[in-house]
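Working notes for the structure below.
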Amino acid sequence: MLDYYQALQELLEKLSHTAKVEQLDLLKATNLILAEDVPVQYNAPLFDNSAMDGYAVGGELAGCEQWQIVERVAAGDTAENIALTTGQAARIFTGAPIPKGTTAVIQQENTIVEGNILKATASVKKDQNIRYCGEELTKGGQLLPAQQRLVPAAIALLASQGYSQVKVYKPLTIHVFSTGNELIEPNQTLSTGKIYDANRYLLLSWLQQSPHHIIDGGILPDNQQQTEKALAEASKKADVIITSGGVSVGEEDHVRAAILQLGELVFWKLAIKPGKPFAWGNIDDSKVFMLPGNPVSSLVTFQQLVVPALRVIAGESASNAMVKPMMAKTKFAVNKVQPRREFLRIGLANDEAGFWAEKLENQGSAMLATCITADALAEIPANVAVNENDLVKIFPLDYKV
C-alpha cells in the first residue's frame, strides 16, 4: 500500500493546470487564481503619513520640552506648503500627509495641550508614528505572483493599487457522480436493501462553496455500459470528474472498469485509515478522481488528496495548494498501533499552551455524524503509539476548495 505523503506528492507532480485565461472585474475574480504576475503600480504608502491621531513635531527633539501648534492637517489635505521647524507642531490625524521638517508624531494620548502649546507626557523618539513612502511596497516591484489565489485580502491589495481588472484562470467545470444500485435520493421512499445517497451531497455542497462550475451527475447504476456512457458524456464538458464508490475490485464495482475502457487510471491502495481505495486518471482531457464509498473515507480522501489536486488543476502553485497542518497536544492515547496512517476525527480546545485535540467517539468509516462535531483530522502515523500530551499534526476541516 502507498503512503499518504508519497501518494500526494506523486499526484500533484503529475497534474498541471488546464484552465484558460480570462480578464475579470476585481470582485468577480474572488478565489480564482492569478494567471500572470502583477506589478506594484504605486509606492505604498504613497506619501509619508501619520500612523496616529496626534501632533507632528518638527526639527530637533533634544532639549525641546514644548511645541507651538501652528498648523492642522487632516486625511485628504495637502501638506506641500507646510514646513515645521524646531519648536513647532501641527495637529495631525491618521493617514494625513506629514509636513516637511517633521521629526516624529506624538500620539494624542501622550500629550497635554494648553492653548496653542503642546507638551508630551511620554518620551518622544525620532520617526515614531510616521509611515514613510514606499516602506511597504516600491513601484515596479512584484505585488502578487502568478498562481496566487485571490482571497479577499489579495483583492483588497489589488484595489489599493488601482487595479479594477485582473487576468485569472477560468473556473473549472466539475462533474460529480455517486455510484451503486443501493443508493436512492433523499426524497424517495426507502425499501429493503436501499440507502440514501450522502456522498454526492457531501461533495456537491463542499464544491458549491468554490468559484467553480459544478454539475450534479446523479447516481450511476451498477452497469458498466451505462456507466461508460455517462462518463464519456461528462468528459466532453468537464475539466474534472469525481465519483464515489465503485473504486474497489468487486464484481459490481463498474466505475474503475469503465474508466479503464475510456481512458487511463492509476489505482492505489492507500496506507491510510479511513480511505484505503483511491484512484485517479483521465478520460481525454478530463481528470478523474474516484473516492471510496464509505462517507468518512470519501470525506478524508477528498480533503487530503482531491482538494490539493483541484487547486493545482485550477492554476494554483503546488506549494500553496497543499492542505496545511497545525500542531496540537493530545487529550487521548492510542495504545494499539495501526499498520496504516490514521486520520482521527477530533474536537479542538485551546488555552495559553496552545491547541488540544480530543478524540471523538464513533470513528468508523461509515459514521458520518461524528464529522459534524469534528473540528479537524488528527494524523496518527503508522506503527506509532500516542500518549496523552503528545504533539500530533492536525488538519482543520474548513471545507474550502
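Compared with the alpha-carbon gap, the fully stretched path from Asp398 to Ala382 is longer by 3.3 nm at 0.36 nm per residue. For volume of the Cα convex hull per residue in Å³, computed directly from the structure shown, the correct entry in (1) 176; (2) 133; (3) 196 is (3).
By the Cα gyration tensor, the range 66-144 has an equivalent ellipsoid whose semi-axes, rounded to whole angstrom, run 26, 14, 11 from largest to smallest. Rounded to whole numbers, the Karplus 3J(HN,Hα) couplings from phi for the range 25-39 are 4, 3, 5, 7, 9, 4, 6, 8, 10, 4, 9, 8, 5, 10, x Hz, using 6.51 cos²θ - 1.76 cosθ + 1.60 with θ = phi - 60°, and x at Gly and Pro. The longest part of the chain holding none of the exposed loop trypsin sites (Lys or Arg not before Pro), meaning those outside H, G, I, E and B in DSSP with at most 15 other Cβ atoms within 10 Å, is 21-124.
Potential lengthening of the chain between Tyr132 and Lys20 amounts to 36.3 nm, from the contour at 0.36 nm per residue minus the alpha-carbon distance.
Taking only the Cα atoms of the range 112-205, the ratio Rg/Rh comes out at 1.41, with Rh defined as the Kirkwood radius. Two decimals is fine: what is log10 I(q)/I(0) at q = 0.12, 0.14, 0.20 Å⁻¹ for the range 204-297, from a Debye sum with one equal scatterer on every Cα and no solvent? Normalising to I(0) and taking log10 leaves -0.35, -0.49, -1.01. With all projection directions averaged, the alpha carbon convex hull of the range 243-299 covers 3.7 nm².
When the chain is described by a simple charge dipole with +1 on each Lys and Arg Cβ and -1 on each Asp and Glu Cβ, the residue from Gly87, Leu46, Leu183 located farthest towards its positive end is Leu183.
Please list, in chain and number order, the residues 5+ apart from Lys100 or on another chain whose amide H is under 5 Å from its amide H, with Hs placed from the backbone. For Lys100, the qualifying residues are Ile82, Leu84. Size descriptors for the range 1-105, from the alpha-carbon set: Rg then Dmax equal 25.7, 78 Å. Each semi-axis of the equivalent ellipsoid for the range 314-397 is √(5λ) with λ an eigenvalue of the Cα gyration tensor; in descending order they amount to 21, 16, 15 Å.
Amide hydrogen proximity for Thr111: with H placed 1.01 Å from N in the peptide plane, the residues at 5 or more positions away or on another chain lying under 5 Å are Thr121. For Lys276, the lysines whose Cα comes closer than 22 Å to its Cα, not counting residues fewer than 8 places off in the same chain, are Lys14, Lys287, Lys324, Lys336, Lys359, Lys393. Compared with the alpha-carbon gap, the fully stretched path from Asn116 to Glu80 is longer by 10.7 nm at 0.36 nm per residue. Scalar couplings 3J(HN,Hα) for the range 261-277, obtained by applying the Karplus form with A = 6.51, B = -1.76, C = 1.60 to θ = phi - 60°, are 6, 8, x, 10, 9, 10, 9, 10, 9, 7, 7, 10, 9, x, x, 4, x Hz; x denotes Gly and Pro.
Here, each number is a calculation from the coordinates, and none is a lab measurement. As the structure is a computational prediction, the values presented were derived from the model and not from experiment. For neighbour counting, all protein chains shown are included, and Cβ atoms are generated from backbone atoms with ideal geometry for every residue, glycine included.
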